[in-house]
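Visitor: Submitted below is the structure of interest, expressed as structure tokens.
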Amino acid sequence: MTQPARVQIVEVSPRDGLQAEARTLPTEVKLELLDRLADAGLTAIEATSFVSPGAVPQLADADDLLTRLKRRPGIRYPVLVPNERGLERALAAGADEIAVFVSASESYSQKNLRRGSAEAVATACVVVKLAVARGLRVRGYVSMVIEDPDDGPTDPDAVITTGTALLDAGCVELSLGDTIGTGTPAQVRALLDALRSAKIAPDRLAVHFHDTYGQGLANVLTAIENGVTAVDASVGGIGGSPFAKGKGASGNLATEDVVWMLDGMGIETGVDVRKLAATASWMAVQLGHELPGRAARALFG
Ligand code: MG
């Protein structure tokens with residue numbers, strides 16, 4: 001078994017985490033979160049989303065937040081952009097990296113993006129090309145890569161088709177999302193094998209696992225053993241609170257749990273797990289409920 005010397009953590013709590021929380025945090029608190037995450041050593045932090053404020057009121061302050069964010073050298077701050085209008089807003093607020101979002105499954109694409117997968121991918125590719133032409137780095141999220149709650153298991157060919165389109169349009173990296181968290185290591189390995197056979201190498205991939213069924217760390221380890229060196233995670237598991245009832249509960253994997261595992265394996269992340277865990281404890285207070293991450297509770301109670 002080989003393992004990489006270093007893994008890039010992509011912290012998604014300020015966007016993917018907070019959009020699923022019942023409580024909308026003040027912009028000042030979000031800016032403090034971004035500062036604390038940078039202090040902990042994270043170098044890729046998804047800052048916010050430029051989706052319609054009506055659709056995601058928790059992130060309605062995206063323009064203000066990104067304008068006021070004090071960027072630090074060496075830290076990337078991607079923002080989610082759903083369409084051309086979102087791209088223009090993001091550019092006006094000073095974005096230099098964006099992420100686009102599609103689904104490998106038909107039902108989730110219809111539910112979440114209100115259009116079929118192929119049409120959503122085509123729209124995303126237009127945004128990617130415009131962004132690349134403006135000099136931005138672009139990540140592509142592909143969700144439901146293992147299974148869709150309505151459609152059942154996702155055909156790896158759908159992930160390949162979707163992912164290839166995004167990469168060809170100019171995405172630097174694909175983030176593969178097991179959005180409902182049902183996947184196990186066998187499925188992760190099979191998917192990565194299928195992608196590799198389709199000439200999508202693991203160095204173009206990040207993994208975005210949800211811990212809904214307790215499979216998150218096992219799936220991260222499997223991905224790393226199969227050549228992936230970028231992992232999305234959310235401090236405290238924000239966005240995945242077992243107390244957040246209903247469809248907002250996304251089951252994000254806690255960043256400090258991932259870092260604890262990688263530290264123990266001697267894989268460098270640049271992240272100080274104690275500072276990160278302290279941030280998780282602080283966020284639990286800000287959000288008004290316990291967070292599902294384990295390491296922070298183990299360290300700080
Ligand atoms: Mg997520």
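The values are calculated or read from the model by the stated rules, or taken from the named source; none is laboratory data. Nothing here was measured: the structure is a model prediction, and the numbers come from that model. Neighbour counts are summed over all protein chains in view; Cβ atoms, including those assigned to glycine, are modelled from backbone coordinates with ideal geometry. What goes into the accessible areas is simple: the full protein's heavy atoms, side chains included, and nothing from ligands, DNA or RNA. Shrake-Rupley method; radii C 1.70, N 1.55, O 1.52, S 1.80 Å.
Visitor: Order these peptides, 16-23, 204-211, by their mean beta-carbon neighbour count within 10 angstrom, highest first.
Guide: In descending order of packing, they fall as 204-211, 16-23.
Visitor: Where does the chain land at 222 nm, in deg cm²/dmol rounded to the nearest 500, when only DSSP H runs of n ≥ 4 count, each adding -39500 (n - 2.57), divided by all residues?
Guide: Only helices count here, giving -11500 deg cm²/dmol.
Visitor: Another question about this same structure. So, counting K/R as plus one and D/E as minus one, what does the shell of residues with Cβ under 12 Å around residue 296 add up to?
Guide: Counting the neighbours of residue 296, the net charge comes to +1.
Visitor: Spin-label point model (7 Å from Cα, Cβ direction): what's the residue 85 to residue 182 distance in nm?
Guide: Each label point is offset 7 Å from its Cα along the Cβ direction, giving 3.4 nm.
Visitor: Just need the Rg to Rh number for the stretch 1-120, please, alpha carbons only, Kirkwood Rh. If you can, show how the numbers build up before the last one.
Guide: Working: Rg = 15.3 Å, Rh = 15.3 Å.
In the stretch 1-120, Rg relative to Rh is 1.00.
Visitor: Can you tally the net charge around residue 127? Count Lys and Arg as +1, Asp and Glu as -1, for every other residue whose Cβ sits under 11 Å from the Cβ of residue 127.
Guide: +1
Visitor: Quick one: divide the alpha-carbon radius of gyration of the stretch 182-231 by 2.2 N^0.38 Å and tell me what you get.
Guide: Expressed relative to 2.2 N^0.38 Å, the Cα Rg reads 1.04.
Visitor: Still on this structure, I have one more. Place a +1 charge on the Cβ of each Lys and Arg in the chain and a -1 charge on the Cβ of each Asp and Glu, then give the dipole magnitude about the Cα centre in debye, rounded to the nearest 20.
Guide: Roughly 520 debye for the chain.
Visitor: Expected output is a single nm value to one decimal: the length gained when fully extending between residue 70 and residue 286, i.e. 0.36 nm times separation in residues minus the C-alpha distance. What is it?
Guide: The span from residue 70 to residue 286 would gain 75.7 nm if fully extended.
Visitor: Just the projected area, averaged over all directions, of the convex hull on the alpha carbon atoms of the chain: how many nm²?
Guide: Working: hull surface 54.5 nm².
Answer in nm², one decimal: 13.6.
Visitor: Sticking with this one: Using a probe radius of 1.4 Å on heavy atoms only, what accessible surface per residue do you get for the stretch 8-300? Whole Å² is fine. Present the calculation step by step, with values, prior to reporting the outcome.
Guide: Values: 11500 Å² over 293 residues.
Accessible surface, normalised per residue, equals 39 Å².
Visitor: Also: Which value in Å does the Kirkwood hydrodynamic radius of the stretch 106-222 take, with 1/r averaged over all unlike C-alpha pairs and then inverted?
Guide: Details: mean 1/r = 0.0693 Å⁻¹.
It is 14.4 Å.
Visitor: What net charge is computed for the residues neighbouring residue 277, neighbours being all others with C-beta under 12 Å from the C-beta of residue 277, Lys and Arg scored +1, Asp and Glu -1? Numbers along the way, then the final one.
Guide: Details: positive: 36, 274, 275, 294, 297; negative: 256, 257, 263, 272.
Within the 12 Å Cβ shell, the charges total +1.
Visitor: Then there's this: Could you check how many percent of all C-alpha pairs in the stretch 1-69 are farther apart than 19 Å?
Guide: On the way: 806 of 2346 pairs.
For the stretch 1-69, the share of Cα pairs beyond 19 Å comes to 34 percent.
Visitor: Another one. Among 271, 167, 182, whose Cα lies farthest out toward the positive end of the dipole of the chain, if unit charges sit on the beta carbon of Lys, Arg (+1) and Asp, Glu (-1)?
Guide: 271
Visitor: Would you mind telling me the share, in percent, of accessible area of the stretch 8-300 contributed by carbon and sulfur at probe 1.4 angstrom?
Guide: Its accessible area is 53 percent carbon and sulfur atoms.
Visitor: Cα centroid distance between the stretch 122-181 and the stretch 250-301, in Å?
Guide: The two parts, judged by their Cα centres, are 27 Å apart.
Visitor: If contacts are Cα pairs under 8 angstrom and at least 6 residues apart, what is the relative contact order of the chain in percent?
Guide: Values: 650 pairs, mean separation 60.3, N = 301.
Reported as a whole number, the value is 20 percent.
Visitor: Separate question: Scaled to the compact-protein estimate 2.2 N^0.38 Å, what is the alpha-carbon radius of gyration of the stretch 50-95, rounded to two decimal places?
Guide: Normalised Rg, Cα atoms only: 1.13.
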